[in-house]
Amino acid sequence: MSLTIDQDRLRSEIDTLASFSDAEPPAVTRIVFTPADLKAREWMKERCEEVGLAVRHDAVGNIFARWNGSDPHANVVGTGSHIDAIPNAGKYDGMVGVLGGLEAIRSLQRSGFAPKHSIELLIFTSEEPTRFGIGCLGSRLLAGVLSPEAAGKLRDKECRTVDEVRREANCTGELDHVRLPPGYYKAFLELHIEQGPLLERQHIPLGIVTNIAAPASLSILIEGSGGHAGGVLMQDRRDALCAAAELILAIESATRSGTMDTVATVGMCEVFPGAVNSIPNRVRLSVDVRDTDLRRRDDLVRAIETACQSIAARRLLSIGSELLNADAPADCAPEIIQALTLSCHKHEFKFLRMVSRAYHDSLFMARIAPAGMLFIPCRNGYSHRPDEYASVEDIARGAMVLAETLAALSR
Ligand code: GLV
Ligand code: MN
Ligand code: MN
């Protein structure tokens with residue numbers, strides 16, 4: 001089997017996919033079920049159909065593009081990632097796994113390979129939490145980790161439910177049918193940019209992921225008392241933003257009791273009423289907490305909740321925190337790690353065994369199938385910003401190892 005990767009096509013497809021965006025290039029903003037996302041989905045479906053893949057989508061909009069294997073009863077080998085992008089993102093997060101996965105399939109087709117197990121390219125709905133506040137919506141439902149009732153009721157900022165917007169996007173049917181039957185996938189593999197600096201710093205072109213860190217997120221509401229910025233004396237204030245500032249620093253310092261794998265981020269801060277001469281009476285914060293060790297992650301969540309209580313008591317205001325999700329970490333399957341390792345050895349590619357500190361749909365696919373991830377470097381480790389960059393040579397190398405491994409798993 002002689003595999004080739006078409007780098008020119010890959011480069012041009014990455015650029016075209018990036019053009020479905022609500023931000024000025026090079027930034028990409030593509031929030032789930034917005035017109036930009038819907039156009040990108042249609043374009044992806046066409047790319048899959050033009051190489052003979054059978055395309056379907058489920059009730060939450062997860063897209064499955066299947067290359068039928070010779071044994072229709074054999075369980076499926078899956079690969080893929082997401083195409084939604086957070087506000088002001090780059091064009092590689094998720095996209096590399098989808099377009100690299102498609103190119104891996106095309107490369108196998110060109111080589112004359114005929115799989116026994118069907119190979120399926122997945123495009124997961126809303127890996128990013130931007131619109132509905134929870135990441136990996138599609139893969140959580142596929143894995144049965146989130147109940148269809150809870151998912152259907154999730155609301156965006158305009159108070160529109162997942163149920164409403166998915167139906168408008170022609171994702172009909174019931175969410176109960178999204179969950180996959182046990183054993184559906186023989187294996188699942190995701191190609192992704194590292195989103196950190198380690199591969200680049202060590203000049204190693206590939207990372208084989210051994211485990212994925214456990215994410216949790218909280219929504220915190222601080223309610224104080226507003227009023228006139230000139231009239232209210234400092235000693236009488238119950239300023240919600242001052243409390244938020246103290247809490248944000250307390251969260252940062254709480255991470256210092258962990259290891260390099262312990263991280264926490266306050267990424268959103270909404271201030272009400274938001275006027276220059278009005279004391280903030282209400283602040284909503286989003287907190288993202290992660291660790292590879294579940295106990296340490298949970299300890300950090302508890303430390304944040306304790307900080308909320310003590311700051312509220314001292315400043316005489318109210319701080320409520322709601323835990324939106326607290327997921328367990330995942331181990332990649334030894335047989336997938338082994339298959340990826342053999343593919344790297346076959347091509348004499350150096351690789352690093354590494355942890356994924358970012359979460360991915362693979363975190364949930366690992367609950368229902370042996371799962372694994374392959375990382376490629378990204379410049380300066382940048383991700384979730386417009387200057388995110390991965391070279392087409394690195395993407396092609398990843399697609400080559402992915403193709404080789406998909407072949408090995410689907411024979
Ligand atoms: C995924 O986008 C993450 O935030 O890890
Ligand atoms: Mn992302
Ligand atoms: Mn991603």
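The values are calculated or read from the model by the stated rules, or taken from the named source; none is laboratory data. Here the structure is a predicted model, which is why all the values come from computation and not from measurement. A quick note on method: Cβ atoms are made from the backbone with ideal geometry, for glycine too, and the neighbour counts reach across all protein chains shown. SASA here: full protein model, heavy atoms, side chains in, ligands and nucleic acids out. Shrake-Rupley method; radii C 1.70, N 1.55, O 1.52, S 1.80 Å.
Table for the structure above
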{"read-out": "Peptides ranked, highest mean first, by Cβ atoms within 10 Å: ranges 183-189, 404-410, 165-171", "value": "404-410, 183-189, 165-171"}
{"read-out": "Centroid-to-centroid separation of segment 256-271 and segment 93-159 [C-alpha atoms, Å]", "value": "26"}
{"read-out": "Whole-Hz ³J(HN,Hα) from phi, Karplus 6.51 cos²θ - 1.76 cosθ + 1.60, for segment 286-296, glycine and proline x", "value": "10, 10, 10, 10, 9, 7, 6, 9, 5, 5, 5"}
{"read-out": "Prolate/oblate/rounded call for segment 336-398, Cα gyration tensor, a/c under 1.5 rounded", "value": "oblate"}
{"read-out": "Global form of segment 113-266, assessed from the alpha-carbon gyration tensor, a/c cut-off 1.5", "value": "oblate"}
{"read-out": "Mean projection area, nm², convex hull over Cα of segment 276-402", "value": "11.8"}
{"read-out": "222 nm mean residue ellipticity, helices alone, for the chain (DSSP H n ≥ 4; -39,500 (n - 2.57); rounded to 500)", "value": "-10500 deg cm²/dmol"}
{"read-out": "Gyration tensor (alpha-carbon) shape descriptor, segment 1-81, a/c threshold 1.5", "value": "oblate"}
{"read-out": "Residue of Gly78, Gly100, Gly320 that the Gaussian network model of the chain assigns the largest fluctuation, springs spanning Cα pairs under 10 Å", "value": "Gly320"}
{"read-out": "Value of Rg to Rh for the chain (Rh from inverse mean 1/r over Cα pairs, i.e. Kirkwood)", "value": "1.01"}
{"read-out": "Between helix 7-18 and the chain: long-axis angle, C-alpha atoms, 0 to 90°, nearest 10", "value": "30"}
{"read-out": "Debye intensity ratio I(q)/I(0), log10, segment 39-172, q values 0.12, 0.14, 0.15, 0.23 Å⁻¹ (C-alpha model)", "value": "-0.50, -0.67, -0.75, -1.44"}
{"read-out": "Residue of Ala244, Ala104, Ala366 that the Gaussian network model of the chain assigns the largest fluctuation, springs spanning Cα pairs under 10 Å", "value": "Ala244"}
{"read-out": "Two-site FRET efficiency, Leu342 against Ala275, from Cβ-Cβ distance with R₀ of 56 Å, rounded to 0.05", "value": "0.35"}
{"read-out": "Cα long-axis angle, helix 35-49 against the chain (0 to 90 degrees, to the nearest 10)", "value": "10"}
{"read-out": "Accessible surface, the chain, averaged per residue in Å² (probe 1.4 Å)", "value": "42"}
{"read-out": "Unsatisfied cross-links (Cα-Cα over 26 Å) in the set Lys39/Lys186; Lys45/Lys157; Lys116/Lys346; Lys116/Lys350; Lys45/Lys91", "value": "Lys39/Lys186; Lys45/Lys157; Lys116/Lys350"}
{"read-out": "Percent antiparallel among DSSP beta bridges (both partners in the chain, rounded to 5)", "value": "70"}
{"read-out": "Local net charge near Glu13, Cβ-Cβ under 13 Å (Lys/Arg +1, Asp/Glu -1)", "value": "-1"}
